[in-house]
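Structure, as structure tokens:
The values are calculated or read from the model by the stated rules, or taken from the named source; none is laboratory data. The model shown is predicted, which means the values in this text are computed figures rather than measured ones. Virtual Cβ from ideal backbone geometry, glycine too; neighbours counted across all protein chains shown. All accessible areas refer to the heavy atoms of the entire protein, side chains included, with ligands and DNA or RNA removed. Shrake-Rupley method; radii C 1.70, N 1.55, O 1.52, S 1.80 Å.
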Protein chains: 2
Amino acid sequence: MALVVQKYGGSSVQSADRIKRVAERIVETRKAGNDVVVVCSAMGDTTDELLELAKQVSPSPPERELDMLLTAGERMSNALVAMAIHSLGAEALSFSGSQAGVITTGAHQKARIIDVTPGRVRQALDEGYIVLVAGFQGVAQDTRDITTLGRGGSDTTAVALAAALKADVCEIYTDVDGVYSADPRIVPDARHLSMVPYEEMLELAASGAKVLMLRCVEYARRYGVPVHVRSSYSKKPGTIVTGSVEDLSVEQAMITGVAHDRSEAKVTVTGVPDNPGVAGRIFRVVADAEIDIDMVLQNVSGTVSGRTDITFTLSKTNGPTAVAELERIKDEVGFDQVLYDDHVGKVSLVGAGMRSHPGVTASFCEALATAGVNIEIINTSEIRISVLIRDDDLDVAVRAIHDAFGLGGDEEAVVYAGTGR
Amino acid sequence: MALVVQKYGGSSVQSADRIKRVAERIVETRKAGNDVVVVCSAMGDTTDELLELAKQVSPSPPERELDMLLTAGERMSNALVAMAIHSLGAEALSFSGSQAGVITTGAHQKARIIDVTPGRVRQALDEGYIVLVAGFQGVAQDTRDITTLGRGGSDTTAVALAAALKADVCEIYTDVDGVYSADPRIVPDARHLSMVPYEEMLELAASGAKVLMLRCVEYARRYGVPVHVRSSYSKKPGTIVTGSVEDLSVEQAMITGVAHDRSEAKVTVTGVPDNPGVAGRIFRVVADAEIDIDMVLQNVSGTVSGRTDITFTLSKTNGPTAVAELERIKDEVGFDQVLYDDHVGKVSLVGAGMRSHPGVTASFCEALATAGVNIEIINTSEIRISVLIRDDDLDVAVRAIHDAFGLGGDEEAVVYAGTGR
């Protein structure tokens, strides 16, 4: 008997009708002879509606109370799925994150899982129940307050439970039937990938592939949990994320896929005095505002003026804060101005094979040049090349690179509307 | 410094705007120098909406999961009130019933409070916080599952917390500004009562007065918690429920008020063999279906047939079940038929003074006769007289009795729309 952890996103449980369909799938898995643990997100727009209510009563609601408010959403959806399972004649129990033993840090709205002590979940499984666990939430180790895990938190809950229960697989049900060599909405002949090693999935997630969140993949790799990404609406096998790139046979594709990201903006600080410590001061101010930066470019000081420009990218949502923080130190540091540009896009090529093929970067740049796309910043890891370009060029660039490396397949992608989380 | 427990009903927190008004009231109480613990019901129609969703996914949802679902409503409203308090510059923490130490039996949907261990609430108070506790919910002592307390559960939560914290008063905010000598919607000159002893309030609640639930009054009496019933929409003092009828001075009114109840139905079993044990068999069947009965009438066997009629009243919601259970034993017991009548009403007169005034029952019956109201069943306790009449006669009967005992006042009642719970 296998132990399967399944995670369903908000769109999969957005109505009574969808909840009943999810329940059927869960009961089928149970009847096939598996122990089943299920993690559901809140129904459809519940979280957004609760956030809107919070804004109406308080301009800046305290994060502890936001967590108390938002976690109600997952409790409701998981209880409803348990009821739907019950009406199909199977037995189910739903648990809150706290009851399921999801222990986190005390950082409200962005807590991290410290440990999972699934004693009650294990006992309920042993008694023959299907177990539902409210995703996205836990209980703080120190204060015993209710916490939320931030974006992608339900995926992380599922993987963490799978690790703690030593599950055979963690199935993530979403709107698409797996990971593709590029976004099928941009590249019609994108190839479905049946298997992706953890390292490559990490790079894809960090490069903007939305199918799995970075934290979830990190957790899965650390504990060796095989993650099966599949569609809520079809029975086709999806993509299994597992194993190391070292396990790949030499016959396998050198390059795995192309990812893109429209969520970043570019900040340029011009006329920065070219003295030691100045760049550090600039990045420290941004870091102190708890803002992650992604790509960085420092122009070579080309003039006698002894001044340079520093450019970096960050999430658009953090743009205004970063600009304000930098303006604050303008006189102290003595730079000219802060420029902000949110019409940029990032395209990345990921593949474990590229570290042993020195021509990849050249081919990548040639493909973009042929397509008439200008590169603003370039950034690489051992198994990834990323470039920042104009956002208008993004679709053209993704297609050009996908073609240049011959990544296309002949199978049609199954894509549904909605976001799946 | 006094410790005040306040309870606000669902209509008091049904919108962002009302939540903000409730928050202002709470902060005022805090600023007046009190420690404050607040229990809120779920917002407006939340509970009904969740029940409707539950019905859509399952024809008979398991009660454990219903409790998990419904308790989300109070978590949300209490977190929102905490946010609104925060935006007024005061500090508040919200706790679930479980976090606040509300320990109950495991009877889902109708759990009873076994104990309250308010360690976290006390600590938060000591640290200067206003504390919000989600009403209507607790955690089962044996299974650690989430439970709900059934109707009036938030009032009971508030009184139980007040008892455990040894609060100075438990304020129940509702749509009316207290307890009246009769329902002011029926009797325009009904008198506002500034104080009602526990025993009288128990009789009034049991007789249909909706302002406080019976369980809540029982709890308050057992632990000696003074309960102040007041309006969410005015600052006027309400009614204090406290003390024993023995404390009343002889000058005080002999009669306190008139209550009425439209929620009961009458069941008559006709042609019952007049043998020992038959009535017991009939009432056992009803009791085994967990149905409470109220008034009972057994006609004197008047004929040579050796048969009699047994009549009793019960809540309308239990009517169909009781009739079905009785039909099941018809042949076994050998009675003629089961009659069901839900066009009845009950009117009661309550007052500690009546035990030393033998003429009260006579005056009561005379008043009804003068008003042309026919009595079907009569039932009394030491401090109460109740009669079952036609529901069409109810308003006339309430006014006639209120007049006959001179209960009217000259102050205008403050009554608002809505139910308050």
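Remark: pairs (first residue in the range B:155-177, over 18 Å from B:Gly101 (Cβ atoms); second residue among the acidic types (Asp, Glu); Cβ separation under 7 Å; 6+ apart in sequence or on different chains) = B:Ile172/B:Asp155. Filtering the range A:103-146 to residues that are in contact with an Asp or Glu (Cβ under 8 Å, 6 or more places away or on another chain), within 27 Å of A:Ile85 (Cβ to Cβ) and in contact (Cβ under 8 Å) with a residue 60 or more places away in the chain leaves A:Leu125, A:Ile130, A:Ala134, A:Gly135, A:Phe136, A:Gln137, A:Ile146.
Evaluating B:Gly33 against the criteria (1) under 23 Å from B:Lys235 (Cα atoms); (2) open to solvent by less than 20 Å² (accessible area, probe 1.4 Å); (3) not polar (S, T, N, Q) leaves one unmet condition, (2).
Can you confirm whether the range B:10-27 contains a residue that is surrounded by fewer than 19 Cβ atoms within 10 Å (Cβ to Cβ) and hydroxyl-bearing (Ser, Thr, Tyr)? Yes: the range B:10-27 contains one or more residues that are surrounded by fewer than 19 Cβ atoms within 10 Å (Cβ to Cβ) and hydroxyl-bearing (Ser, Thr, Tyr). Only strands (runs of 3 or more DSSP E) whose full extent lies in the range A:335-421 are considered here, and the ones with at least 2 residues that are surrounded by fewer than 17 Cβ atoms within 10 Å (Cβ to Cβ) and at pLDDT below 95 are A:377-381. When you scan the range B:31-39, do you find a residue that is assigned to a helix (DSSP H, G or I), more than 26 Å from A:Met76 (Cα to Cα) and more than 12 Å from chain A (Cβ to nearest Cβ), even just one? Yes, the range B:31-39 contains a residue that is assigned to a helix (DSSP H, G or I), more than 26 Å from A:Met76 (Cα to Cα) and more than 12 Å from chain A (Cβ to nearest Cβ). May I ask you to list the residues in the range A:216-234 that are open to solvent by 10 Å² or more (accessible area, probe 1.4 Å) and at pLDDT 90 or above? Matches in the range A:216-234: A:Glu218, A:Tyr219, A:Arg221, A:Arg222, A:Tyr223, A:Gly224, A:Pro226, A:His228, A:Arg230. Per the conditions (1) within 15 Å of the chain's Cα centre (by Cα); (2) over 13 Å from A:Val4 (Cα atoms), the sole criterion not satisfied by A:Ala158 is (2). When residues in the range B:162-175 are screened for being open to solvent by less than 10 Å² (accessible area, probe 1.4 Å) and out of contact with any Gly (no Cβ under 9 Å at 6 or more places or on another chain), 3 of them pass. The single condition among (1) modelled with pLDDT of 90 or more; (2) hydrophobic (A, V, I, L, M, F, W, C); (3) within 30 Å of B:Ala369 (Cα to Cα) that B:Val272 does not meet is (3).
The set of residues from the range A:324-333 being within 16 Å of A:Arg284 (Cβ to Cβ) and not basic (Lys, Arg) comprises A:Ala324, A:Glu325, A:Leu326, A:Glu327, A:Ile329, A:Glu332, A:Val333. Under the condition of being touching a residue at least 40 places away in the same chain (Cβ under 8 Å) and touching a helix residue (DSSP H, G or I) at 6+ places or on another chain (Cβ under 8 Å), the residues counted in the range B:354-377 number 4.
The number of residues in the range A:128-159 being more than 26 Å from A:Leu214 (Cα to Cα), open to solvent by 20 Å² or more (accessible area, probe 1.4 Å) and touching a helix residue (DSSP H, G or I) at 6+ places or on another chain (Cβ under 6 Å) comes to 0. Out of the range A:176-208, which residues are closer than 13 Å to A:Val350 by Cβ and either β-branched (Val, Ile, Thr) or buried (at least 23 other Cβ atoms within 10 Å of the Cβ) (or both)? Passing the criteria: A:Val179, A:Tyr180, A:Ser181, A:Ala182, A:Leu193, A:Val196, A:Glu200, A:Met201, A:Glu203, A:Leu204, A:Ala205, A:Ser207. Checking each residue in the range B:50-106 for being open to solvent by 20 Å² or more (accessible area, probe 1.4 Å), facing chain A (nearest Cβ under 8 Å) and small (Gly, Ala, Ser) picks out B:Ser60, B:Ser87.
Cβ-Cβ distances below 8 Å connect the following pairs, each with a first residue in the range B:320-337 that is within 16 Å of B:Asp288 (Cα to Cα), a second residue that is of a type in the set (Gly, Ala, Ser) and open to solvent by less than 90 Å² (accessible area, probe 1.4 Å), and a separation of six or more residues or different chains: B:Thr321/B:Ala289; B:Ala322/B:Ala289; B:Glu325/B:Ala289. All of B:Ala287, B:Ala279 fail the test of being loosely packed, with under 15 Cβ neighbours inside 10 Å, among the hydrophobic types (A, V, I, L, M, F, W, C) and over 19 Å from B:Asp391 (Cβ atoms), apart from B:Ala287.
Listed by position, the strands (runs of 3 or more DSSP E) contained in the range A:73-192 that have at least 2 residues being modelled with pLDDT of 95 or more, among the hydrophobic types (A, V, I, L, M, F, W, C) and over 30 Å from A:Ser60 (Cβ atoms) are A:92-95, A:130-134, A:169-174. In the set (1) closer than 18 Å to A:Val4 by Cβ; (2) not in a helix (DSSP H, G or I), the condition left unmet by A:Ala42 is number (1). The set of residues from the range B:107-127 being open to solvent by 30 Å² or more (accessible area, probe 1.4 Å) and within 27 Å of B:Arg21 (Cβ to Cβ) comprises just one member, B:Glu127.
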